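A.B. asks: First, the structure itself, so that you have it in front of you.
The values are calculated or read from the model by the stated rules, or taken from the named source; none is laboratory data. Please read all numbers here as calculations on a predicted model, not as lab measurements. Neighbour counts run over all protein chains shown; Cβ positions are idealised from the backbone, glycine included. Keep in mind that these areas ignore ligands, DNA and RNA; they rest on the heavy atoms of the full protein, side chains included. Shrake-Rupley method; radii C 1.70, N 1.55, O 1.52, S 1.80 Å.
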Amino acid sequence: MRTIEWKDGTVVTIDQTKLPGTTKFLSIKNCEELSLAIKKMKLRGAPLIGVAAAYGLALTAYHSKAKEREELLRELENSANTLRRTRPTAVNLFWAVNRVLKKAEGATGDVKALIGVVVKEAQKMAEEDVEINRKIGEHGSKLIDYGDVVLTHCNAGSLATVDYGTALGVIRTAWKQGKQIKVIATETRPRLQGARLTAFELKRDGIPVTLITDSTIGYAMSNGLVNKVIVGADRIVRDAVINKIGTYTISVLAHEHDIPFYVAAPISTFDLAHTSKETTIEERSPKEITNFGSQRIAANGVDALNPAFDVTPIKYVSAIICETGILSITDFEKLTHGAMRHKS
Ligand code: MRU
């Protein structure tokens, strides 16, 4: 099954907070419920958050009792604002909301026609995501050699997208090509997306995976256990890649040990109008660190710093893999300058 599906006015998705122990499906019927699911990370990962947000607007449209076009557009704008407040860093969320709103505003016809336009656009975005991931997989697999050991961080797999995955899409394609690769998955503190989701996905596909703690990365690299790194991204800005906390550390270690560091992400993750300084890094509850599940492990009164993402300067990135191909850093810089010229 796909990670997210539209079924006659309901969004069906997997509650990722319960994986891998329990596969619980959520049937979401309105945008508020969907926004809460994003906030609570029942569904997560930048491309999936984007498509989910589009479906959130589709839910609002589908169940609307609006009689006038303007009334429906106002309802969509309210839902868009609720969605925008859920998680601040993954740019796909904002990209998706803006794309659906623009489509709705530009549509002609009555309320019924407008509802059809919004639902169709969300469904189109879901289909596109799968297609884009397949292309990322095809392009990125060219960077993978027979027998490589590839380290990945967090979860950039089918669970972070509609299907197939970005970083894991590259790994899956290379595996299907018979390259006999192995994967090292970092556990990814504190939400353990690597341990709970990436290891689960790879095991299910029969791709050899070894789980390490985040603090073992230096050991693994200095002992020659890693050939390549591939991660996803939540936002690619002019000067940096913003991704799950710990990505920056991995990039610096990869640089030190001469290990290529690749980022796989769709163009909807690019935000070339901004820099890292202009990006909001989500701060999550200190409880994700002071507690283990419901059990407090740090002494009472101890506080914790819990940013969900960090900033990897472009100088540490070997290449960016997107649906149009493999961008060298020179290609990326040209794109960035082009975007700036377009802006001015
Ligand atoms: O906090 P999360 O689990 O939503 O963070 C996800 C990541 O950081 C992923 O690496 C990123 O979104 C890329 S997913 C294809």
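A.B. asks: Listed residues Gly109, Gly56; which is small (Gly, Ala, Ser) and at positive phi?
C.D. replies: Gly109
A.B. asks: Which one of these does Val162 not meet: (1) among the hydrophobic types (A, V, I, L, M, F, W, C); (2) more than 30 Å from Gly9 (Cβ to Cβ); (3) within 16 Å of the ligand (Cβ to nearest atom)?
C.D. replies: (2)
A.B. asks: Suppose we filter Lys65, Lys124 for residues that are in a helix (DSSP H, G or I) and either modelled with pLDDT under 95 or basic (Lys, Arg) (or both); which single one remains?
C.D. replies: Within the list Lys65, Lys124, the selection yields Lys124.
A.B. asks: Hey, any hits in the stretch 335-344 for a residue that's in contact (Cβ under 8 Å) with a residue 60 or more places away in the chain and under 26 Å from Asn155 (Cα atoms)?
C.D. replies: The answer is no; no qualifying residue exists.
A.B. asks: Also: Looking only at the stretch 1-31, count every residue that is part of a helix (DSSP H, G or I), open to solvent by 20 Å² or more (accessible area, probe 1.4 Å) and touching a residue at least 12 places away in the same chain (Cβ under 8 Å) and tell me the total.
C.D. replies: 1
A.B. asks: Can we say Thr188 is away from the ligand (no atom under 13 Å from the Cβ), touching a residue at least 40 places away in the same chain (Cβ under 8 Å) and buried (at least 18 other Cβ atoms within 10 Å of the Cβ)?
C.D. replies: no
A.B. asks: Conditions: (1) of a type in the set (S, T, N, Q); (2) within 20 Å of Thr186 (Cβ to Cβ); (3) modelled with pLDDT under 95. Ser294 meets all but one. Number of the miss?
C.D. replies: (2)
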